[in-house]
Amino acid sequence: MQTTVSVPRRSSFVLVQAQLFSLPVVFALFGLIMGSWAGRIPALAAGVNVSHAALSMVLLCGGLGAVISYPISSFLMARFGARKTIMIAGLALLCVLVSIGMAPDVSRLMMAVLMLGITASTFDVAMNSAAARREKESGKSEMSRLHGLCCAGGLVGATLGSLMASMKIAPATHFLMLAGPLAVVLWLAVNLLEADEVGEKVEKKKFALPRGPLVLLGLLGFFGSMAEGSIADWSGVFLKEHFGASDGLAPLALSSFSLMMLMSRMVGDKMKERYGAKRLVTLGALVAASGLFFAVLAPNAYVALGGFAIAGVGLALVFPFVFSAAGAQGPAALAAVASMAYSGSLMGPPAIGAVAHFVGMQAAIAYVGGLSLVIAMVACRTRLLK
């Protein structure tokens with residue numbers, strides 16, 4: 001009898017532990033995919049020979065895809081729930097990543113990046129919905145740590161991109177090498193997530209916008225998305241164009257940004273308990289602005305890496321605390337804030353591209369520093385950040 005009872009108890013314990021780790025794996029996997037894409041943007045741009053203005057239009061397609069993805073994510077969440085939506089969107093995202101690497105010209109690259117925006121934002125909504133539900137059920141703050149693991153994945157992806165570029169491995173080959181193993185990891189992680197018995201109702205409208213006190217949270221998501229996305233998309237281009245950095249060195253701007261963002265997010269939940277989300281986001285945005293202005297005035301690429309690292313410390317807690325505050329108000333509130341944040345990702349690339357085209361890359365990065373100052377001003381007035 002003792003042997004018969006001990007086996008299921010051990011199996012149950014192992015299952016519970018596996019479920020606890022499955023959601024962090026999903027966040028890290030998403031970061032790895034997006035970091036891999038962002039880390040190869042300079043090589044992809046060079047491969048199809050695009051100007052700053054044309055590259056901004058390519059990146060605009062990603063933001064547009066994120067905005068128009070809402071009806072798709074809403075349908076999938078309502079029909080299948082967060083767990084199955086993560087699987088569907090994740091597999092589609094890996095296929096899109098490969099298609100980006102294989103795009104032979106600007107028009108096809110734009111179409112592939114549009115699909116990247118759709119699949120990535122659908123995956124993002126689903127995994128954050130699952131995380132918000134877990135926070136609500138457990139009563140513990142976990143969002144900062146989970147987003148920190150997403151940063152860890154992004155760091156690995158960007159660093160791997162740097163390695164692949166230094167080895168002269170084409171983006172298409174790089175992405176093909178990633179797709180198979182990551183699909184297996186995704187399948188294992190999703191199958192260990194707690195099952196959704198019913199679909200999660202997100203919103204019936206085609207587009208959801210925050211209202212009332214949620215507006216300021218939406219603005220934080222909007223400007224935070226513009227700032228973080230601009231650094232991910234343009235920091236490597238800045239190093240390459242302004243300092244003449246190599247294809248191997250350029251992706252390290254994103255790596256340094258992601259590394260410091262990771263370190264901040266891993267301690268963010270404990271800091272929130274001591275200092276409060278509002279104070280951390282406000283002061284952090286000011287730190288980010290100083291780091292970006294430092295990168296603009298840096299004498300060489302290696303010093304500029306330090307500026308992007310400082311920016312990573314400052315911007316690290318914006319998204320985790322905004323999503324946590326919105327998720328506490330319910331799935332509809334989270335979806336509304338997410339929609340406004342994705343609108344920021346739509347506006348960021350063309351704005352940075354236009355500034356870079358007419359004024360130069362230094363002014364473009366300084367523009368992102370100005371966005372960080374705006375984040376600080378909005379955060380100090382947001383009542384839902386506690």
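The values are calculated or read from the model by the stated rules, or taken from the named source; none is laboratory data. If you're wondering where the values come from, they're calculated on a predicted model, not measured in any experiment. All Cβ positions, even for glycine, are placed from backbone atoms using ideal geometry, and neighbour counts span all protein chains on display. Areas reflect the complete protein model, heavy atoms only, side chains present, ligands, DNA and RNA absent. Shrake-Rupley method; radii C 1.70, N 1.55, O 1.52, S 1.80 Å.
Brief remarks follow.
- Between helix 301-315 and the chain: long-axis angle, C-alpha atoms, 0 to 90°, nearest 10: 40 degrees
- Whole-Hz Karplus values for segment 73-84 come out as 5, 4, 5, 5, 5, 5, 7, 10, x, 5, 4, 6 Hz, taken residue by residue from phi with 6.51 cos²θ - 1.76 cosθ + 1.60 and θ = phi - 60°; glycine and proline positions read x.
- Positive dipole terminus of segment 13-192, leading residue within Leu59, Ala82, Gly39 (C-beta point charges): Ala82
- Residue-wise HN-Hα coupling along segment 93-104, computed from phi with Karplus coefficients 6.51, -1.76, 1.60 (Hz; x: Gly, Pro): 5, 5, 5, 5, 4, 5, 5, 5, x, 8, 4, x
- A simple count of charges around Leu160, restricted to other residues whose Cβ falls under 15 Å of its Cβ and scoring Lys, Arg +1 and Asp, Glu -1, yields +1.
- About its Cα centre, the dipole of the chain is roughly 920 debye, where the only charges are +1 on Lys and Arg Cβ and -1 on Asp and Glu Cβ.
- Accessible surface, 1.4 Å probe, highest first, among residues Phe175, Phe243: Phe243, Phe175
- Based on DSSP H segments of at least four residues, each scored -39500 (n - 2.57), the chain has a per-residue ellipticity at 222 nm of -29000 deg cm²/dmol.
- Among the listed pairs Lys84/Lys270; Lys136/Lys386; Lys84/Lys140; Lys140/Lys278, a Cα-Cα separation exceeding 20 Å is found for Lys84/Lys270; Lys84/Lys140.
- Using C-alpha pairs under 8 Å with a sequence gap of at least 6, the mean separation divided by the residue count of the chain gives a relative contact order of 26 percent.
- Karplus-derived 3J(HN,Hα) values for segment 228-234, using 6.51 cos²θ - 1.76 cosθ + 1.60 with θ = phi - 60°, are 5, x, 5, 5, 4, 7, 10 Hz; glycine and proline are entered as x.
- Debye log10 I(q)/I(0) for segment 245-386, one point scatterer per Cα, at q = 0.12, 0.14 Å⁻¹: -0.52, -0.70
- At a probe radius of 1.4 angstrom, the accessible area of the chain per residue rounds to 42 square angstrom.
- Over all Cα atoms in segment 13-192, the spread is summed up by Rg and Dmax: 16.5, 55 Å.
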